[in-house]
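Okay, so here's the structure we're looking at.
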Amino acid sequence: MALISLQNISIAFGGPLLLDNLNLQIQKNQRICLLGRNGAGKSTLMKILAGTLKPDNGTVLKDASVHVSYFEQDIPDSFEGSVFDIIAGGLGIRGKLLVKYHHEEQRLTLHPEYDHVVMDQLHEDMNKHDSWSALEEIGKIATRMSIDFELMYSQLSGGQKRRVLLARALVSSPDLLLLDEPTNHLDIDSIAWMEDYLLKQNITLLFVTHDRMLLRRLATRIVELDRGQLVDWSCTYDTFLERKQRVLEDEVKAWDRFDKKLAEEEIWIRKGIRARQTRDEGRVRALEKMRKERRHRRQREGAASLSIIEAGRSGKMVLEADNIRFSHDGKILIDGFTSRILRGDSIGIIGPNGCGKTTLINLLIKKLEPQSGTIRHGTNLEIVYFDQLRQQLDQEKSVRENVLLHGDYVIIGDDKRHIYSYLQDFLFTPERARTPVKALSGGEKNRLLLARLFTQQANVLVMDEPTNDLDVETLELLEELLLNFDGTLFLICHDRTFLNNVVASTLVFTENGIIEEHIGGYDDWAAIKARRKEKIFSPIKSIDKKEAYLSEKKARPKKKLSNKEAAELKSIPELINLLENEQAALHEKMIEPEFYKSGDKMSKAKQRLEEIEIELINLLERWEELETMQIYNSC
């Protein structure tokens, strides 16, 4: 039996039907990804499933015992209290007990003369309703998502509020969990953790996301909302892409045949009127039906058309950072960062929320001054900056006014375009172009910021979280645009597939403001991190090895290094030096833009760098082993 069932659901908001007589059944343990373009009605459908919106027509069938938890894309204003109150509030009676316990615990800390009767009764009630396990789960999720329980919800930023509301949805153990763009404002580690958490919990799930890696890992079923209709593909994402392309091609062919037949019938009816009084009434009725069908056909909305006006070439050296440092509120964000960026580099920037990624960008483009160190810019730089907070948009002005305040035409390179024609490239109809920005969805605001920025010439693009809220189709168009951009790109992004497809190298924030440079995208960095974790950054393992060796040594006679082992120990530093020199030479080659023109060279260089890293790890381990033997056998 289905957990929830939608039957013949329709709804409209003053225009064509957004949801047109659709049906959906959600079975237990399914993980369904809901796909569709921005504005297709995905969030509306989720609100109907959550029970926060009633359809104009149709029936929602759900047993009263089925608990649905909904994480919505927009941040609601209805929540008040501390972060802990909000998260625990999603747990029903267990949550109310936890909130009360949390407040009583604070009172107990502040007032030593506190009457323990209330707390004793709370302990009994919490045991009865199994609230302790929920408290442990809240602690785990809040820690993993970097959430401070004691902060007031009203004081949080938009991104922090979304993390709190996501935690609230996750801890509530629902029968059906609805997630609308859950990855927005989460860093990469948090997204990866959420994936693993949802897979382990085996929750029935309906989610909307533009994150293709999350989609591929989680989804067991794909449903698509297209022109008011719901199509159930019941397959993986990659299979969906192949089948969808074939369906669209067949649809175009079928429409061409229909339109040709309709044109022939229109010619016949006109000739029939002139030629005779009596006509084939059945054929006339069929023509009327065809006309009606053609009038009600819902054309697929055109794709966005994105293009960048490239400025003249910058100098070969774009910028040079030398030992720059920056701290904020006593926290070191950037400590001794040195790098040389060349024309044509495409660089991804990876790190947890709050580590200083946006600060680094602002330092590199000289919107901020480093507290120590120097930044030198090359010649002829034309920088365009996409900021994740969209602060360049005036919320009170219309879409049109944000791109062009006065006049009717924008200059795009050598072309003169009417403002409404230009905005249609970004999927804004003339009517939508007159809408205030504050009324737009998140995806529409991102498209508007792209429209505004792409009227400017650029040879350096700085993009801070451009993928948030964009549908997958627009995301892929942006991806293609950046791949074909001949200038220099800096990209802060938590979309792992987007990083893999667009950037050639990454700057990775580690601990205490240290930034590492690596060749490749997210997967390349993840592989390096996994090897490090497994092989060399295991101090506990090393200590255990040493202790085991010493224990064993006591139980056996002393033995000196053999001549072969002594010679091996002596040769290791030189071998390490040779490998490090080869590694440095490869890195030097790979910073040249011309290097990336040969895919074969790039592949071989990446493979050799991986081999060198493994060889260095093995040599360092062997060096430690031989030195340990030498030291302790001499005792």
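The values are calculated or read from the model by the stated rules, or taken from the named source; none is laboratory data. Nothing here was measured: the structure is a model prediction, and the numbers come from that model. Neighbour counts are summed over all protein chains in view; Cβ atoms, including those assigned to glycine, are modelled from backbone coordinates with ideal geometry. Each accessible area value is taken on the protein alone, full model and side chains, heavy atoms only, with ligands, DNA and RNA left out. Shrake-Rupley method; radii C 1.70, N 1.55, O 1.52, S 1.80 Å.
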Checklist outcome for this item: Amide H contacts under 5 Å for Ile412, restricted to residues at least 5 apart in sequence or on another chain and with H modeled in the peptide plane, are Arg417
Checklist entry - So how do 3-9, 48-54 stack up, highest first, on mean other-Cβ count within 10 Å? => result 3-9, 48-54
Item to check | Check: the range 20-100 dipole with +1 on Lys, Arg Cβ and -1 on Asp, Glu Cβ, in debye | outcome: 360 debye
Item to check | For a label point 7 Å along the Cα-to-beta-carbon line of Ser307, residues of the range 430-464 with backbone N under 14 Å | outcome: 454-457
Checklist outcome for this item: Close lysine pairs (the range 331-442; alpha-carbon distance under 16 Å; 8 or more apart or on separate chains) counted at 4
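Please list Thr435, Thr239 in order of solvent-accessible area, largest first, computed with a 1.4 Å probe with all protein chains present. Please list the in-between numbers first.
Values: Thr435 25, Thr239 45 Å².
Heavy-atom accessible area, descending, gives Thr239, Thr435.
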Checklist outcome for this item: Quick shape check on the range 85-128: root eigenvalues a ≥ b ≥ c of the Cα gyration tensor, a/c under 1.5 is rounded, otherwise prolate if a/b tops b/c, else oblate, and it reads oblate
Checklist outcome for this item: Among Trp193, Leu241, Ile514, the residue whose Cα sits farthest towards the positive end of the charge dipole of the chain, when +1 is placed on the Cβ of each Lys and Arg and -1 on the Cβ of each Asp and Glu, is Leu241
Checklist entry - How large is the dipole of the chain about the Cα centre if only Lys and Arg carry +1 and Asp and Glu carry -1, each at its Cβ, rounded to the nearest 20 debye? => result 2040 debye
Item to check | Per-residue ³J(HN,Hα) for the range 87-98, Karplus 6.51 cos²θ - 1.76 cosθ + 1.60, θ = phi - 60°, Hz, x for Gly and Pro | outcome: 5, 5, x, x, 9, x, 4, 5, x, 4, 5, 5
Item to check | Among Ile309, Leu575, Gln7 - extreme Cα towards positive end, dipole of the chain, charges at beta-carbon | outcome: Gln7
Checklist entry - Quick one: Cα centre-to-centre distance for the range 500-522 and the range 8-82, in angstrom? => result 38 Å
Checklist outcome for this item: Pairs over 19 Å Cα to Cα, from Lys570/Lys606; Lys42/Lys445; Lys261/Lys289; Lys47/Lys96, come to Lys570/Lys606; Lys47/Lys96
Next on the checklist: If a paramagnetic tag sat 7 Å from the Cα of Ser5 along the Cα-Cβ line, which residues of the range 61-92 would have the backbone N under 19 Å from that point?
Outcome noted: 61-68
Item to check | Beta bridges by DSSP in the range 369-472, antiparallel share as percent, to the nearest 5 | outcome: 55 percent
Checklist entry - Any idea which of Ser372, Asn563, Tyr420 is furthest toward the positive side of the dipole for the chain, if Lys and Arg beta-carbons carry +1 and Asp and Glu beta-carbons -1? => result Tyr420
Checklist entry - Under unit Cβ charges (Lys, Arg +1; Asp, Glu -1), what dipole magnitude, rounded to 20 debye, does the range 117-221 have relative to its Cα centre? => result 540 debye
Checklist outcome for this item: Heavy-atom accessible area with a 1.4 angstrom probe orders Lys367, Lys62, most exposed first, as Lys367, Lys62
Checklist outcome for this item: As a percent rounded to 5, the proportion of antiparallel DSSP bridges among beta bridges in the chain is 55 percent
Checklist outcome for this item: Counting only residues 5 or more apart in sequence or on a different chain, those whose built amide H sits under 5 Å from that of Ser505 are Ser346, Gly348, Gly520
Checklist entry - Amide H to amide H under 5 Å from Thr204: which residues, 5+ apart in sequence or cross-chain, H placed 1.01 Å off N in plane? => result Asn29, Leu177
